[in-house]
Every structure is written in structure tokens, then in C-alpha cells.
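Before any comments, here is the structure.
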Amino acid sequence: MRQPALLIATLTGSLLFGASMTGALRAPALAMPAVVATTTSTAVRDEGSNEGAPGLHVAGAQADALAVAIGAQFPGHSVDVAIDTPLISDAGPAQQQVEALARVRIDGSAPMLVRATALYDREARSADAPSLWFEGTGEHAVSPATQRGLATAAARRLDAEFAGQPVTLAIDDARAVPVGGRYLRVVARGVADFGAEGRAATTIEALYDPRSGEWLRLDYALGADPAANDAAFAYAGS
């Protein structure tokens, strides 16, 4: 059986799976109701919301917070976010889970449809780093140069989170989908080798600008790829 070609990147990190690994959240299939929040660098409340009606004020605040959290994932870029009416569910006494479809424009790109999920803190009235999945069609293999760039960028990310533990990262099966008329959503799978500590299957999801060579967003999950049999899965932000 032919073995796939692998790209190897060596780095250092600390093996703190429980404390440091980036998690991932599920985004369900959602309908497309009216937009209730937008943001360029900060969120703007929907003027049509009835804040006196039970539930509507909270939903507006959560949509605002989710929009801001999405924009914060792309520092140094102009980001416009339009949030469709979110689905909200309790996630403990102090938090709620917010799930929504968003339309995101980065630096004047065409609108990108994004599934977003985040935890909302009721007291702070803010959302944590959201999971994002950029919808698109026309999947294709990435070029060897792009795959090498992804390996290097992922190595830097792991190096920042696993300080002190040598790790070898092998990436293969990298696929891309064009989004926004100028970007690529790239998903790659491989293996992180922690030497005596063992090996872990690794899935990497990133947003790439082929014109500038910049990786605008990059996240990974250690362990079996949770999206392998779930098309609605969205990788979490950092």
C-alpha cells in the first residue's frame, strides 16, 4: 500500500493536552433569518430590536458579542460581520451557547458565509473565541508551496502553546476551498509526534490569503478529526 508523502516540521512545545490544546465546537444546520448585528471593529446593535420584550434584548446583546468576537479573530484587518438571528441555549448558570450564521467580509472581500459558535458570558456581556467554519464549494488540493507554508505556520502555533517539548509535525492531505473571492479555507490532516509521550492525529484548519501569503487564522485539533464524519463541525478559534 502506497504511503502518502508527508511534510515534516520540527518544533518545541509542552505536552499539555488538557490545558492547552485548542478545543472545537459543533455548529448545527441553521436557517437564514434577518441580520441582527453588524460590526467593522465593534458591534452595532440592530435598531429594530425591541429591547423591552423578554428575550430580545439578550439575543441582541449576544449577537453583538459574537460579531465582536469574530472580528477579533483577524487583528490588523478590516472586518465586517453581519449576524443572523442566533440560536441560544443555556451552558451553565453564567454562560450561554450562541450559534449563528454570519456573513463576514475581510478587507473588502466578497461576503463569506460562516457558521459560528461561542460561549457568551452573561455578566461580562462578551463572547469567547468562537468556532468558525467558512462555507464554500470547489474543493481542490493545495500546491506544495502552500502545504509547506501551512506546515511552517502550524509549527509556530504549536511552538507557542507547547513550550519545552520537542514535537515533529507531519502534514498530508491538505485541501482548500475558495471563499470570499480572494481567500482559501484550508484543512489538512497529519500526525504530531511527541517522542516518548506518544503521537496524536492532528487536524489543521486555516484561512489563507494566496496574494499576500498570510495565514489570517489557523487552528488545530489533536486526536481523531471530529469533522471526518460531520459536515456541520466547526473548528474553534484561539
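Please treat every number below as a calculation from the coordinates, not as lab data. Bear in mind that the values here come from a model prediction, so they are computed numbers and not experimental data. FYI the Cβ positions are ideal-geometry reconstructions off the backbone, even for glycines, and counts take in every protein chain you see.
Observations
- Annotation: peptides 73-81, 165-173, 136-144, ranked by per-residue average of other Cβ atoms within 10 Å with the highest first, follow the order 165-173, 73-81, 136-144.
- Arg211 versus Ala94: modelled label distance in nm, points set 7 Å from Cα along the beta carbon direction: 4.4 nm
- The packing ranking, built from the mean of other Cβ atoms within 10 Å per residue, places the peptides 145-151, 190-196, 61-67 in the order 61-67, 145-151, 190-196, highest first.
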